[in-house]
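Comments concern the structure below.
Read the figures in this text as sums done on the coordinates, not as results from a lab. Keep in mind that this is a model prediction, so the values were computed, not measured. Counting neighbours? That spans all protein chains shown, and the Cβs are built from the backbone with ideal geometry, glycine included.
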Amino acid sequence: MKNNEELQVDVQNAIQWEPLLHAAEIGVSARDGIVTLTGIVDSYAKKMEAENATRNTLGVKAIVENIAVKFPNVRSKSDTEIAISILLAINSNSLIPKDVVKVKVEDGWVTLSGQLPWNLHKELVKNTIMYLIGIKGITNNILIQSSLKDKIEQSAVEEALIRSSIDAVDVYVRVSGNSLTLTGTVNSFYEKQEAARIAWKTPGILAVINELAVDYEYAYN
């Protein structure tokens, strides 16, 4: 099991390994598996890269993210300009259903709403706009409304988890209607997020409740 100092160094190295973050000033502290990120970056994409690098570091149980996004004056955009660039980006992506995503921009913070048939569409919208200049943060409130009426096959989800890169021995799946709950234990924060990502691919799924606990001690045995 890593002590606080070892985890702090590992997260710092993971962040520095990302090319986008070499010039970013990001502070890292760790306590009992909880990592706090602080600092100022000049794009929302850098903020997300730092968070993802931290999440994928072995030993991280939770993240407290206090990174602020501040732009140089030459890169500042009005909320109207940001909204226009977001709509252009979404409408230019042929994989995103047209005229269903609603966008609100307030002081650089973007709120997405509407309904889409798959969670992959919801994530695709966010990934499509996250590198746009002027965005300080994104709240993704898009709802999933699948047109599929198929019964969710619990065994299919369990088999998908077994095929994946995570250790799914202690991961349990429970299906109720169009909702799916994950319980049990995984050995990293990354595996917890990856299990949910796999579960969201299930046809007909409308909600994934991720109750997996992170216990990475046995990863060192």
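Restricting to Cα pairs below 8 Å that are 6+ residues apart, what does the relative contact order work out to for the range 1-91? Please round to a whole percent.
Numbers: 121 pairs, mean separation 24.7, N = 91.
The value is 27 percent.
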Exercise for review: Compute the distance in nm between two label points, each set 7 Å from the Cα along the Cα-to-Cβ direction, one at D215 and one at K126.
Suggested key: 2.8
**Study point:** Segment E18-T38, length gained on full extension (0.36 nm per residue, minus Cα span)
**Key:** 5.5 nm
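Computed FRET efficiency, Cβ-Cβ of D79 and E25, R0 30 Å: what is it to the nearest 0.05? Please report the intermediate quantities before stating the final value.
Details: r = 26 Å, r/R0 = 0.88.
Efficiency, rounded to the nearest 0.05: 0.70.
Quick one: in the range 154-220, what % of C-alpha pairs are over 16 Å apart?
Values: 821 of 2211 pairs.
Above the 16 Å cut-off, the range 154-220 has 37 percent of its Cα pairs.
Counting each pair of different Cα atoms once, what's the Kirkwood radius of the range 95-144 in Å, rounded to one decimal? Intermediate results must be reported in sequence, preceding the final value.
Values: mean 1/r = 0.0910 Å⁻¹.
One decimal place: 11.0 Å for the Kirkwood radius.
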Check your understanding: Roughly how many nanometres apart are two label points built 7 Å out from the Cα toward the Cβ at Q154 and S92?
Key -> 4.6
Point to revise | Extended-chain gain in nm, criterion 0.36 nm per residue less alpha-carbon gap, Q115 and I162 | key: 13.9 nm
Revision key, fill the gap. For T38, T80, ascending order of other Cβ atoms within 10 Å (fewest first) is T80, T38
Revision key, fill the gap. Across all Cα atoms of the range 46-143, Rg and the largest Cα-Cα distance (Dmax), in Å, are 14.4, 42
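Okay, helix-only estimate at 222 nm for the chain: each DSSP H run of n ≥ 4 adds -39500 (n - 2.57), divide by all residues, round to 500 deg cm²/dmol; what do you get? If you can, show how the numbers build up before the last one.
Numbers: 6 runs with 72 residues, N = 221.
Roughly -10000 deg cm²/dmol at 222 nm, from the helical runs in the chain.
From Cα pairs below 8 angstrom and at least 6 apart in sequence, can you work out the relative contact order of the range 154-220, rounded to a whole percent?
On the way: 102 pairs, mean separation 22.4, N = 67.
Normalised by residue count, the contact order of the range 154-220 is 33 percent.
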Practice item. Would you kindly give the portion of the calculated P(r) for the range 4-69 that falls above 18 Å, as a percent of all Cα pairs? Key: 22
Point to revise | Computed log₁₀ I(q)/I(0) - Debye formula, equal Cα scatterers, no solvent, the chain, q 0.11, 0.16 Å⁻¹ | key: -0.65, -1.20
